[in-house]
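Shown next, in structure tokens, is the structure this report addresses.
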Amino acid sequence: MKLNPKEYAHMVSRASPPSPAVRDCLWAFFVGGGICLVGEGLRQFFLYWYDASLAGTLTSIGLILLSAIFTTLGWYQKLAAKAGAGTLVPITGFANSVVSPAIEFKAEGWVTGVGAKIFGIAGPVIAYGTAASALWGLLYWLQGKVG
Amino acid sequence: MIRRKDTVLFDKPPVIAAWAAAGGKKESEGPLAAGFDFLTEDAAFPEEACANWEQAESFLQQKAVEICLRKAGISRKEVDLALAGDLQAQCTASNYTMRALEIPFAGLYGACSTMAESLCLGASLTAGGVAHQLLAMTSSHFCAAERQFRTPLDYGAKRTPTAQWTATAAGACLLRGAGQKGVPVLSVTFGRVQDYEVHDINNMGAAMMPAAVSTLLRYFGATGTAPSDFDVIFTGDLGEVGSALLQEQMAREGLPLPNHRDCGCLLYDVASQNVQAGGSGPGCSAAVLCTHILPALQKGQYRRVLFMATGALMSQTTFLQGESIPGIAHCVELAGEGTV
């Protein structure tokens with residue numbers, strides 16, 4: 001065969017269509033922005049009764065609940081297939097990444113399926129998020145000691 | 001039987017006497033829908049008490065076998081051997097189908113090349129007299145494959161334009177010895193594994209293309225044939241990206257393929273069915289074989305074709321370990337019914 005891996009890598013990159021960046025970005029911008037708008041709506045609603053800090057927490061909880069409901073109904077995935085980062089980046093994307101394996105792996109049992117696989121996608125975020133916050137905490141503590 | 005390099009030529013060609021294809025909803029909306037023997041709107045089969053996607057795939061296989069045997073006019077007890085495989089880990093869709101059928105069984109794994117692999121082996125065994133009636137079959141199920149290889153079905157992710165859509169389909173063929181009614185298998189060529197260091201799991205067509213070229217060149221070299229000797233040269237599941245690469249490379253080799261068609265681009269309407277670069281999965285080429293290629297050979301619309309299915313032979317583990325994706329392609333030469 002008149003081909004070597006290096007040449008082939010060039011051929012493949014020429015033949016492979018790129019993602020439509022402008023269209024993808026517009027989808028991500030408007031859907032991601034829309035989710036944030038819903039969040040802001042929720043926050044204003046909660047501000048009637050609670051202070052800013054508690055209203056913020058309730059907003060996060062509300063968005064997570066909505067994402068879980070949309071995921072269970074199979075709608076979140078359909079929206080995400082177009083919106084990409086617009087649905088991945090907000091807190092709703094994180095909720096989707098926990099709820100979807102919980103639904104998917106129910107067939108393998110509550111412990112060995114749901115329990116074992118529920119953090120299969122979100123796990124790295126939790127692990128490295130915890131590690132980063134511990135590191136930040138240490139720096140913060142040292143900063144207090146020094147000065 | 002004569003062996004010329006990697007190609008086995010049958011002087012008394014075994015035949016594919018009967019075949020059947022079963023498919024899901026997306027397949028029922030595709031251009032080959034009319035050729036399917038069984039189609040369902042709900043490939044979860046809740047009414048048949050399937051509890052999960054793995055069982056659903058096995059049920060789809062059973063449907064294909066059932067119809068294939070009915071068309072052949074025989075009962076399952078008359079089958080000497082079944083060769084079957086699928087994408088599920090340890091080929092369980094096939095194993096559980098065979099649990100229900102109780103036919104002597106040998107499991108195969110060739111990823112998306114499984115249909116051609118089973119035909120290559122099946123034709124050789126039938127021509128050699130090892131089996132008189134042999135089932136060659138395979139399947140794939142989008143939902144079973146997604147949860148095993150990618151992410152949960154409800155996980156929100158975007159697919160790249162080079163990704164391919166795993167077909168929810170099963171195909172079954174019944175092979176018989178020479179001299180009987182059916183589509184003759186003139187030769188088979190077992191492929192060699194080719195790895196051109198493609199690492200992108202969302203570009204399987206590119207990963208498998210070198211294997212397709214390798215097998216085609218070996219086949220043409222061994223038999224002294226040229227692409228123009230065939231009505232159509234079918235590849236299994238290179239998709240649009242892999243097909244374009246195949247055309248480019250074959251032209252460089254001095255053997256352009258104007259008569260090339262890819263099963264991944266035939267099963268679906270790539271432009272409108274949101275399958276990105278096309279279909280894939282063992283069920284894809286099996287379904288195109290049983291809904292389009294074999295019927296056309298039976299009716300005399302084609303006189304001679306090559307059916308070459310390609311497979312990507314990585315696993316989720318090797319992919320995560322940073323290994324490149326090896327490919328394989330097995331080729332079956334088929335003739336029009338009654339032409340040999």
Item checked: Cβ pairs under 8 Å, 6+ apart, first in segment B:125-139 and assigned to a loop (DSSP other than H, G, I, E, B), second surrounded by 22 or more Cβ atoms within 10 Å (Cβ to Cβ) -> B:A131/B:G122; B:A131/B:L175; B:H132/B:T126
Note to self: Taking the condition of being within 13 Å of chain A (Cβ to nearest Cβ) and out of contact with any strand residue (DSSP E or B) (no Cβ under 7 Å at 6 or more places or on another chain), how many residues in segment B:150-189 meet it?
What the structure shows: 14
Next item on the list: Run down A:V114, A:V125 and say which single residue is in a helix (DSSP H, G or I), within 20 Å of A:I69 (Cα to Cα) and not hydroxyl-bearing (S, T, Y).
Entry: A:V114
Item checked: Single residue of B:A309, B:A251, B:A335, B:A329 found to be at pLDDT 95 or above, closer than 24 Å to B:G221 by Cβ, of a type outside the set (K, R) and out of contact with any strand residue (DSSP E or B) (no Cβ under 8 Å at 6 or more places or on another chain) -> B:A251
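Could you tell me whether any residue of segment A:89-110 is without any contact (Cβ under 8 Å) to a residue 24 or more places away in the chain, more than 14 Å from chain B (Cβ to nearest Cβ) and surrounded by fewer than 18 Cβ atoms within 10 Å (Cβ to Cβ)?
Kept after step one, since they are without any contact (Cβ under 8 Å) to a residue 24 or more places away in the chain, are these residues of segment A:89-110: A:101-102, A:104-110.
Checking which are more than 14 Å from chain B (Cβ to nearest Cβ) leaves us with A:110.
From the residues that got through so far, the ones that are surrounded by fewer than 18 Cβ atoms within 10 Å (Cβ to Cβ) too are A:110.
There is at least one residue in segment A:89-110 that is without any contact (Cβ under 8 Å) to a residue 24 or more places away in the chain, more than 14 Å from chain B (Cβ to nearest Cβ) and surrounded by fewer than 18 Cβ atoms within 10 Å (Cβ to Cβ).
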Next item on the list: Could you tell me which of the residues A:A81, A:A9, A:A28 is buried (at least 19 other Cβ atoms within 10 Å of the Cβ), in a helix (DSSP H, G or I) and within 11 Å of chain B (Cβ to nearest Cβ)?
Entry: A:A28
Check: Considering segment B:254-274 alone, what residues qualify as being away from chain A (no Cβ under 11 Å), assigned to a loop (DSSP other than H, G, I, E, B) and touching a strand residue (DSSP E or B) at 6+ places or on another chain (Cβ under 9 Å)?
Finding: B:L257, B:N259, B:L267, B:Y268, B:V270, B:Q273
Item checked: Subset of segment B:190-228 (residues that are facing chain A (nearest Cβ under 8 Å) and among the β-branched types (V, I, T)) -> B:V198, B:V213
Next item on the list: Being among the aromatic types (F, W, Y) and either touching a residue at least 24 places away in the same chain (Cβ under 8 Å) or in contact with a Cys (Cβ under 7 Å, 6 or more places away or on another chain) (or both) is the filter here, so list the residues in segment A:1-37 that pass it.
Entry: A:W27, A:F29, A:F30
Note to self: So if I check each of B:A212, B:A163, B:A226, which one is closer than 30 Å to A:S100 by Cα and out of contact with any His (no Cβ under 9 Å at 6 or more places or on another chain)?
What the structure shows: B:A163
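Residues that are surrounded by 21 or more Cβ atoms within 10 Å (Cβ to Cβ) and over 19 Å from the mean Cα position of the chain (by Cα), at least 2 per element: which helices (runs of 4 or more DSSP H) completely within segment B:1-118 meet that?
Qualifying helices (runs of 4 or more DSSP H): B:53-72.
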Next item on the list: Find the residue count for segment B:34-49, including only residues that are in contact with an Asp or Glu (Cβ under 9 Å, 6 or more places away or on another chain) and touching a residue at least 60 places away in the same chain (Cβ under 8 Å).
Entry: 2
Note to self: Checking B:H132 against (1) more than 14 Å from chain A (Cβ to nearest Cβ); (2) in contact with a His (Cβ under 7 Å, 6 or more places away or on another chain); (3) not hydroxyl-bearing (S, T, Y): exactly one of these is not met. Which one?
What the structure shows: (2)
Check: Residues of segment B:304-340 being farther than 21 Å from B:G279 by Cα and among the hydroxyl-bearing types (S, T, Y), which ones?
Finding: B:T317, B:T318, B:S324, B:T339
Check: Within the set of pairs 6 or more residues apart or between chains, which connect a residue that is within 18 Å of B:S315 (Cα to Cα) and not assigned by TED's automatic domain parsing to the domain that holds B:G281 inside segment B:183-202 to a residue that is assigned to a strand (DSSP E or B) and β-branched (V, I, T) with Cβ atoms less than 7 Å apart?
Finding: none
Next item on the list: Kindly check whether there is at least one residue in segment A:55-78 that is of a type outside the set (S, T, N, Q), within 30 Å of B:N274 (Cβ to Cβ), within 12 Å of chain B (Cβ to nearest Cβ) and not in a helix (DSSP H, G or I).
Entry: yes
Checklist line | segment B:180-226: number of residues that are of a type in the set (A, V, I, L, M), surrounded by 24 or more Cβ atoms within 10 Å (Cβ to Cβ) and assigned to a loop (DSSP other than H, G, I, E, B) | finding: 1
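The values are calculated or read from the model by the stated rules, or taken from the named source; none is laboratory data. Note that the coordinates shown come from a computational prediction; the quantities given were computed from them, not determined experimentally. Cβ sites come from the backbone with ideal geometry, for glycine too, and all protein chains shown count toward neighbours.
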